[in-house]
Amino acid sequence: MERSFSAEIRSLSLGAGETFHGEGILAVTKALLQSGVSYVGGYQGAPVSHLLDVMVQARDYMDELGVHVEACTNEASAAAMLGASIMYPVRGAVTWKSVVGTNVASDALSNLASPGVMGGAMIVVGEDYGEGASVIQERTHAFAMKSGMWLLDPRPNLPTIVRMVEHGFELSEASNAPVILELRIRACHVRGSFVARDNVKPRISTRELQMEPAAFDYARLAHPPVTFQHERLKYEVRMPAARKYIVDAGLNELFDGDRSELGIIVQGGLYNNLIRALQALGLADAYGRSRIPILNLNVVYPLVPEQVTGFCAGKRAVLIAEEGQPDFIEQEINTILRRADVQTRLHGKDLLAMGGEYTAELLLAGLVRYLAAHAPDLPRGGAESLLADIAGLKAQAAEAFSGPVPARPPNFCTGCPERPVFAALKLVEQDLGKLHVSADIGCHSFATFAPFSFGNSILGYGMSLASSAGVRNFSARRPVAVMGDGGFWHNGLLSGVSSALLNKGDGVLIIMKNGYTSATGTQETISTPSSESRRVAEGTSATGSEVTIENTLKGMGVKWLRTVDNYKVGDVRRTLEEALTSPFEGLKVVIADGECQLERQRRIKPLRAKMLKEGKRVVRTRFGVDESTCTGDHSCIRLSGCPTLTVKTPSDPLKVDPVAYVTNDCVGCGLCGEVAHAAVLCPSFWRAEIISNPSRWDRFKARVREAFIHAIQPA
């Protein structure tokens, strides 16, 4: 089983007056239940995975409340769930990861936003943005603007986040429009507490069924000619209603200060970093009280013109802290002020960074420039000294390393079943020449880093085969596409496989079948093996589900299909060479079968510990390198990349080069020895079985082996 959320599940049932402690994203989960949500769906992905994971594991409690929870196959299917709120007075929420998920869901979102909603509809988006992000650098703001959906960006503390969730549903229903709640990584994982309220059982739910379907109403469909009426409703009816609710409910926050000639307008999600920067300047105290007035935008779209002009009027200059590009908020505020003939000087991207995450350090540098221009009397010498110290420390670090700090890219887990496939592909390249490899979203994208360096494009989750469609028409060698089973079910089946079959594409597809959607937290897919079918101790196969990728592909008409054991590098190599050189013209699919090693270790370690405690026989496999045989050329490391395969100083003083060495973190997958064998490298690898609680037969065999080895060893 994946990570257990038993403690988090208990916190979901807290009642009125009790105190909730936990992370921001779990506070959102609790707030959804307090808001009387009827259904929740979504597609997992950091930083919002916990929302869906917790609710899926809390199905019993969700059933008790009457809340339907659905782990969707992709973001488009999640967004389409919100269609229930178009015709029925039910509240629904869906979640996914940032702009990459919103890209997938955008078709359904456009068709949802056009007719609008009757019940509250909320999209919780993990805004994975900035230097620590794992996705493309784009913002959700653009989708809100283009489709007429309201965008909440709450101040990162739990009471404010919970308040925005609850008011988000009210805002959605008051304006008949979907609402997006965006949470940055820091907001999702910020820890805190809030006073809980009782969960609300929805009026229409799995326990309180709607006996009759809604009456037909063509005006609720996103279809001409009513779509022209929808456009008018969005901006002449829904937006004014939204702005009225924002003001009446006090969703945006005004923090006064004694320097009324100055002002800062900030996105709610950046508020904590802004206060930290002001504290470094001595302009805010430990409780966040600032000398410079702050307009904190918990709702960044739509803006309320009267709030903006009321805040800016009479001020010498206002600084806008808006993260990322384009500068939507800065442009809109400029337009609002000029239309109202308010001539307050505005600063934003001219003093702050064009893009990237707005850290406290970056905001501090922008504030120093802002104050130097408009409030030279305010203290900032300490801040300038601090920034100089930070720059000095960075320079010292660079000098100590004789240059920039070496990059430490992410890597496959120890024993990952995907690593041997890329090792085999590297060996294939030695025989056939360089290959065009279309990479994909998922763990296998780590193969774009050394030592493999595979990947000519990454164009979306499950899109690798589709992205090689053009290449195979002008490439002398067949292109290779790689995707995982998560990507296959997410989008690859339709966008890649069906298109290749329709167009008779002649390419090679490698599907990493590890049994889970691993990169997002090992969530289950339709082909995840049942617990009974998994091999308990030594097996690595991910097969066992009644629904298999193999049967699906055969049913679609794939004629050339091979399934290989990932860890048998020689077999994988031969299968890939066959696929690349076969006279068969058409799609060739190689399914690389091996259970996610991280999930396997989570499963077998408790079982082994239980067996050891009961005094039962347990066998553990270890691999190592014979130091006297190792020549120190390190070919095994260049082909494997396993974190436990490293180097050490040889004990033999006559050896100059470091020798290969396997650390105690080895999980016994055998890749190092397999690579050495498949590549015909060297015989220095050894394999040993460590037996705990051995039987009499084990002890007898050990004595015989020891005697035989002693007999053949030289004196």
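Observations on the structure shown:
- Over the chain, relative contact order from alpha-carbon pairs under 8 Å, at least 6 apart, %: 10
- Met87, Met118, ranked by accessible area, largest first (probe 1.4 Å): Met118, Met87
- Surface exposure of the stretch 238-293, expressed per residue as accessible area with a 1.4 Å probe, stands at 41 Å².
- Glu578/Asp633 FRET efficiency (R0 41 Å; Cβ-Cβ; nearest 0.05): 0.90
- Of the GluC sites (Glu not before Pro) in the stretch 101-164, those whose Cβ has at most 14 other Cβ within 10 Å and which sit in DSSP loop: Glu131
- Taking the C-alpha atoms of the stretch 576-652, convex hull volume expressed per residue in Å³: 202
- When you restrict to C-alpha pairs under 8 Å that are six or more residues apart and normalise by the size of the stretch 362-504, the relative contact order lands at 18 percent.
- Radius, Kirkwood style, for the stretch 173-222 when every pair of distinct Cα atoms is counted (Å): 16.0
- Entries in Lys97/Lys315; Lys97/Lys234; Lys434/Lys513; Lys426/Lys648; Lys394/Lys434 that, when Cα-Cα distance is taken, lie over 29 Å: Lys97/Lys315; Lys394/Lys434
- Stretchable slack from Ile690 to Leu432, in nm (0.36 nm times residue separation minus alpha-carbon distance): 88.9 nm
- The stretch 568-695: relative contact order as a whole-number percent, Cα under 8 Å and 6+ apart: 33
- For the chain: rounded, prolate or oblate by the Cα gyration tensor [a/c cutoff 1.5]: prolate
- Spin-label zone in the stretch 491-519 - amide nitrogen under 12 Å from a point set 7 Å from the Cα of Asn456 along the C-beta vector: 508
- Note on Asp258/Ile390: beta-carbon distance plugged into 1/(1 + (r/R0)^6) with R0 of 35 Å gives a FRET efficiency of 0.75.
- When the residues Met512, Met81 are ordered by accessible surface, computed with a 1.4 Å probe over the protein chains alone, the sequence from largest down reads Met81, Met512.
- Heavy-atom accessible area for Asp341, with the other protein chains in place and a 1.4 Å probe, reaches approximately 110 Å².
- Heavy-atom SASA rank of Ile511, Ile336 (probe 1.4 Å, accessible area, largest first): Ile336, Ile511
- Per-residue SASA entry for Asp506, accessible area with 1.4 Å probe, Å² rounded to 10: 40
- Tensor-based shape of the stretch 264-326 (alpha-carbon gyration tensor, a/c under 1.5 rounded, otherwise prolate or oblate): oblate
- On the beta carbon distance between Ala313 and Ala711, with R0 = 56 Å, the FRET formula returns roughly 0.05.
- For Phe446, solvent-accessible area (1.4 Å; no DNA, RNA or ligand), Å²: 60
- Summing charges over all other residues whose Cβ lies under 12 Å from the Cβ of Ala313, with Lys and Arg as +1 and Asp and Glu as -1, gives -1.
The values are calculated or read from the model by the stated rules, or taken from the named source; none is laboratory data. On a predicted model such as this, the values are computed, not experimentally measured, just so you know. Neighbour counts are summed over all protein chains in view; Cβ atoms, including those assigned to glycine, are modelled from backbone coordinates with ideal geometry. These area figures cover heavy atoms from the full protein model, side chains too; ligands, DNA and RNA do not enter into them. Shrake-Rupley method; radii C 1.70, N 1.55, O 1.52, S 1.80 Å.
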